[in-house]
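In what follows, a single structure is set out as structure tokens and then discussed.
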Amino acid sequence: MKDIIIIGGGLAGLVSSILLKKAGFEVMVIEKKGYPFHRVCGEYISNEVKDFLLAEELYPTHLAPAEISRFRLSSPDGNVAEMPLDLGGFGVSRYALDDFLYQKALALGVHFLIPTQVLSVTQEEDHFTVETNRDGIFKSKLVIGAFGKRSRLDKQLERRFINQRSPYIGVKYHIKLDYDADVVALHNFQGGYCGINRVENDTFNLCYLGSQKSLKKYGNIPDMEAQVLWKNPHLKAIFQQAEFLFEKPEVINEVSFAAKKPVEKGVFMTGDAAGLITPLCGNGMALAIHSAKLLSELIIKHEGNHPKIVSAYTRGWNALFKQRLWTGRQLQRLFGSSSLSNLAVGLVKNSHSLSTWLMKQTHGQPI
Ligand SMILES: Cc1cc2nc3c(=O)[nH]c(=O)nc-3n(C[C@H](O)[C@H](O)[C@H](O)COP(=O)(O)OP(=O)(O)OC[C@H]3O[C@@H](n4cnc5c(N)ncnc54)[C@H](O)[C@@H]3O)c2cc1C
């Protein structure tokens, strides 16, 4: 019988494991992949979480993350605007960041099962049963679901959103390019948008949210990029001038922004498993870390008392994140079409106070 089993070792799972282990709980993380590995992610992290990471000695100073302070936006026809970022952020690859946090957790004595997939989780009268694909069955007092935006467990837990199809795909590259190191840019194209920002080692992340419909129409990723993304002259220049470092891109399907619940069948959901904010807000990683902190502090405060944590976490999660995720979904409507993204570019160009206010609606206070 473990105190806590954490399913998924991304940012939410790793940060939860570290905070809970430091507080004296016996923690086991089950992750289906082996570190280090690449993930589809823009790798721009809002400074909302920087002070917290520094205070917990979880900020990867040794990687010299890029410091990002300007936002650039272009419409599919190349109309461009720029504004300073209020809070700003830093750029670091998930390959390096997640591995750094994994090493920290290991050093603290967190127990890992990797690469192991969880097949099912069931709430019994006073404990949970967790079934894995290769290490057997485990029991624990609490379970944290940190398994990201989409997992087979969503189906097993009969979560509502899992039956809705999503029209989005995510694609990511690492590239070498002569580009501004302090900028995070969002270049729109028909049906999606592509972000670019620097990470460690003079490398840039190039990552986009595109549509399954376009991929189906053009049959493969290179043709879709040439026919759809390159219509934006900024993207055409980036794709033509860049040196691509991966043999092939990282790709994910079914990127869903549907509303979810923070507790399902007794399992506490953190990070994307509780709700994914649209990538244009640049806040998913900060939210994953922030929700992990919220949940861990409540588990510590209520000494693992499940019913008390259920109500405190549901209240706390809704108060901190529900509105931000909703606003992100509404803002996303301004992207991916020519007329609406020109409107957004006009807003950034002509009304600094309104665009800063809009941006703040998806950002939290530094934690
Ligand atoms: C295209 C795109 C661009 C983005 N860009 C940005 C950005 O620039 N900035 C930003 O802040 N956010 C961005 N995000 C969002 C960000 O990537 C996520 O919010 C963040 O990764 C969430 O972390 P997490 O720990 O919740 O989930 P993840 O990092 O996805 O980790 C979940 C883990 O669970 C594991 N897992 C799943 N199922 C099982 C199972 N059954 N058993 C065991 N393990 C399992 C997975 O292997 C994975 O390692 C972007 C998202 C997309 C789609």
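The values are calculated or read from the model by the stated rules, or taken from the named source; none is laboratory data. From a predicted model like this one, the values you see are computed outputs, not experimental measurements. Backbone-built Cβ (ideal geometry, glycine too); neighbour counts: all protein chains shown. Side chains are part of the model used for accessible areas, which takes the heavy atoms of the whole protein and leaves out ligands, DNA and RNA. Shrake-Rupley method; radii C 1.70, N 1.55, O 1.52, S 1.80 Å.
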TODO: Express in nm, to one decimal, how much length is gained between Leu340 and Glu56 on full extension, taking 0.36 nm for each residue of separation and deducting their alpha carbon distance.
DONE: 98.1 nm
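About the Cα centre of the chain, how large is the charge dipole given +1 on each Lys and Arg Cβ and -1 on each Asp and Glu Cβ? Please answer in debye to the nearest 20.
Once rounded to the nearest 20, the dipole reads 1160 debye.
With a Förster radius of 35 Å, plug the Cβ-Cβ distance of Lys213 and Glu158 into 1/(1 + (r/R0)^6) and report the FRET value to the nearest 0.05.
0.80
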- [ ] Report the one residue of Phe257, Leu106, Val171 whose Cα lies farthest in the direction of the positive end of the charge dipole of the range 2-361 (charges on C-beta: Lys and Arg +1, Asp and Glu -1; origin at the Cα centre).
- [x] Phe257
- [ ] Could you do me a favour and compute the accessible area per residue for the chain, 1.4 Å probe, result in Å²?
- [x] 43
- [ ] Give the carbon-plus-sulfur fraction of the accessible surface of the chain in %, rounded to a whole number; probe 1.4 Å, heavy atoms of protein chains only.
- [x] 51
Open item on the list: Can you tell me which aspartates and glutamates have their Cα less than 15 Å from the Cα of Lys149? Leave out same-chain residues fewer than eight positions away.
Closed with: Glu31, Glu158, Glu254, Glu264, Asp272
- [ ] Given the options Glu297, Glu48, Glu243, state which has the largest fluctuation in a GNM of the chain using a 10 Å cut-off (strictly under) for Cα springs.
- [x] Glu243
Task: J(HN,Hα) series, the range 217-233, from Karplus relation 6.51 cos²θ - 1.76 cosθ + 1.60, nearest Hz, glycine and proline x - done: 5, 9, x, 8, 5, x, 5, 4, 4, 5, 7, 10, 5, 6, 5, 7, x
Task: Within a Gaussian network of the chain (alpha carbon springs, distance under 10 Å), most fluctuating of Glu67, Glu124, Glu26 - done: Glu124
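Starting from the Cα-Cα distance between Asp202 and Asp180, subtract it from 0.36 nm times their residue separation and give me the gain in nm to one decimal.
Here the segment from Asp202 to Asp180 would lengthen by 6.8 nm.
Tell me what the chain gives for mean residue ellipticity at 222 nm when only DSSP H runs of n ≥ 4 count, each as -39,500 (n - 2.57), the sum divided by the residue total, rounded to 500 deg cm²/dmol.
-10000 deg cm²/dmol
Rounded to the nearest 5, what % of DSSP beta bridges with both residues in the range 2-361 are antiparallel?
Bridges in the range 2-361 are about 70 percent antiparallel.
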Open item on the list: Given contacts defined as C-alpha pairs under 8 Å and at least six residues apart, what's the relative contact order of the range 2-361, whole-number percent?
Closed with: 23
Task: Relative contact order of the range 172-304, pairs being alpha-carbon contacts under 8 Å that are 6 or more residues apart, as % - done: 20
Task: Most mobile listed residue (Asn220, Asn197, Asn305) in the chain, GNM with C-alpha springs under 10 Å - done: Asn220
Open item on the list: Only sites in a loop by DSSP and with at most 15 other Cβ atoms within 10 Å count here; which trypsin sites (Lys or Arg not before Pro) in the range 288-367 make the cut?
Closed with: Arg333
Open item on the list: Taking the Cα centroid of the range 268-321 and of the range 119-185, what is the distance between the two, rounded to the nearest whole Å?
Closed with: 14
